[in-house]
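Have a look at the structure below before the remarks.
Taken together, the values in this text are just the output of simple stated rules run on the coordinates, not laboratory data. Here the structure is a predicted model, which is why all the values come from computation and not from measurement. Don't worry about glycine lacking a Cβ; one is built from the backbone with ideal geometry, like all the others, and counts go over all protein chains shown.
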Amino acid sequence: MIRITGGKYRSRLLDTPNTSLTKPTMDKVRAAVFSALSQDKLGNVLDLFAGSGSYGFEALSRGASSATFVDKSKDAINVIKANAKKLGETSIDVNMTDAISYVKETSKKFDAIFIDPPYKLEVYEELVNVITSRELLNECGIIVLESEKELSLPLEKFSKNKFYKYGLAKIYILRK
């Protein structure tokens, strides 16, 4: 179980999928990410490789108007739905599909997109390129990436970029 770190659901526990394929973001890392985002309007958020939905539910807790969760695991989708029910949260859209397929096909636009795949997947640059080429970010939109290693990203596509290290986690915050 992991804990929501701030906002209206602060200290509420979230279930996590019972599998070694997901790695929930540690509470202190999520708290630091949302501290860095505290001045940003989170409106409509997208949580890719959602797992338990921790980034999306944290965003909803802190004022986001809606969250879209994407994961290809049936167990993860069931956990996200159970967490939403436990929180009484209805401003969600849950999609059981692959993250790259989702961003290639969606017509929605987002204020914040959280990308936290299993560390061994090499999908960061492809996802950022698809998101930017399809213009899935609203004006002043944000992409947050979590990785175990430093990434080579098309940073020239963004006006402001921040990089943080929290133990093994490397966090990139890219602002449109």
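The lone criterion from (1) in contact with a Lys or Arg (Cβ under 7 Å, 6 or more places away or on another chain); (2) of a type in the set (Gly, Ala, Ser); (3) more than 18 Å from residue 15 (Cα to Cα) left unmet by residue 54 is number (3).
Scanning the stretch 35-56 for residues that are under 22 Å from residue 94 (Cα atoms) and not in a loop (DSSP other than H, G, I, E, B) gives 44, 45, 46, 47, 48, 54, 55, 56. Looking across 149, 120, one residue alone is over 25 Å from residue 63 (Cβ atoms), exposed (fewer than 13 other Cβ atoms within 10 Å of the Cβ), in contact with an Asp or Glu (Cβ under 9 Å, 6 or more places away or on another chain) and of a type outside the set (A, V, I, L, M, F, W, C). It is 120.
Residues in the stretch 57-98 that are polar (S, T, N, Q) and assigned to a helix (DSSP H, G or I) were compared, and the one that is surrounded by the fewest Cβ atoms within 10 Å (Cβ to Cβ) is 78.
The set of residues in the stretch 151-176 being under 16 Å from residue 116 (Cβ atoms) and not basic (Lys, Arg) consists of 151, 153, 163, 164, 166, 167, 168, 169, 171, 172, 173, 174. The condition (being touching a helix residue (DSSP H, G or I) at 6+ places or on another chain (Cβ under 8 Å) and either assigned to a helix (DSSP H, G or I) or surrounded by fewer than 17 Cβ atoms within 10 Å (Cβ to Cβ) (or both)) is satisfied by just one residue among 131, 143: 131. Restricting attention to the stretch 152-175 and to residues that are farther than 21 Å from residue 35 by Cα and not hydroxyl-bearing (Ser, Thr, Tyr), the residue that is surrounded by the most Cβ atoms within 10 Å (Cβ to Cβ) turns out to be 153. One residue stands out in the stretch 108-128 among those that are β-branched (Val, Ile, Thr) and either assigned to a helix (DSSP H, G or I) or under 23 Å from residue 37 (Cα atoms) (or both): the one that is farthest from the chain's Cα centre (by Cα), namely 128.
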